[in-house]
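A short worksheet on the structure shown next.
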Amino acid sequence: MTLFGGVIPITGVTFLMFSIFAIIVVGFALGRITIKGVSLGDAGVFIMALVFGCFFYKVLDAQLTVKLAEETVSYTSSALKIVESLGLILFVTSVGFIAGPKFFGNMKKNFKSYVLLGLVLFWQADFRQWHALCWAE
């Protein structure tokens, strides 16, 4: 794939990054469409990612395949694991920013319940471990 009549070649990792940004842009545009008061919102990005994965995975795999002397190595799974990890990091960060201010207020309000729940869970796990050790003989 090339842009501007072959001036900018898009291959390999550049194709992966171009695909990611295209998915994001088209997904946000899809999410902004409102039909009878209903819109996809940010889920449009997820839908576009699923569509891209269904129809363009072989193209991505071909772009991320390197032919060495006698073997062919594909870096597609490694590249997608990196994208997956970055997406998870961004998701958890955004949830933390949203829930952060409410967290300490909620913790202060329900502190006794949370401590009691933690002790019950700890006791249950300890009891199960002890029970498994005693009856394993």
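The values are calculated or read from the model by the stated rules, or taken from the named source; none is laboratory data. Predicted model, so just to flag it, every value in this text is computed and none were measured. Ideal geometry is used to build each Cβ from the backbone, glycine not excepted, and the neighbour counts take in all protein chains shown.
The number of residues in the range 103-123 that are surrounded by 10 or more Cβ atoms within 10 Å (Cβ to Cβ) and under 30 Å from Asp42 (Cα atoms) comes to 3. Is it true that Val45 is at pLDDT below 90, surrounded by 10 or more Cβ atoms within 10 Å (Cβ to Cβ) and not small (Gly, Ala, Ser)? Answer is yes for this residue.
Among the candidates Leu16, Leu30, the residue that is surrounded by 12 or more Cβ atoms within 10 Å (Cβ to Cβ), out of contact with any strand residue (DSSP E or B) (no Cβ under 7 Å at 6 or more places or on another chain), of a type outside the set (S, T, N, Q) and more than 16 Å from Glu84 (Cβ to Cβ) is uniquely Leu30.
Of all the criteria given as (1) modelled with pLDDT under 85; (2) hydroxyl-bearing (Ser, Thr, Tyr); (3) farther than 27 Å from Phe18 by Cβ, the one not satisfied by Thr76 is (3).
One line per residue, one yes/no per condition, for (1) touching a residue at least 24 places away in the same chain (Cβ under 8 Å); (2) over 30 Å from the mean Cα position of the chain (by Cα); (3) over 27 Å from Leu50 (Cβ atoms):
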{"position": "Ser85", "(1), (2), (3)": "no, no, no"}
{"position": "Leu90", "(1), (2), (3)": "no, no, no"}
{"position": "Val95", "(1), (2), (3)": "no, no, no"}
{"position": "Phe103", "(1), (2), (3)": "no, no, yes"}
{"position": "Asn106", "(1), (2), (3)": "no, no, yes"}
{"position": "Lys109", "(1), (2), (3)": "no, yes, yes"}
{"position": "Lys112", "(1), (2), (3)": "no, yes, yes"}
{"position": "Leu121", "(1), (2), (3)": "no, no, yes"}
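Only residues that are in a loop (DSSP other than H, G, I, E, B) and out of contact with any Phe, Trp or Tyr (no Cβ under 6 Å at 6 or more places or on another chain) were counted across the range 1-34, and they come to 8.
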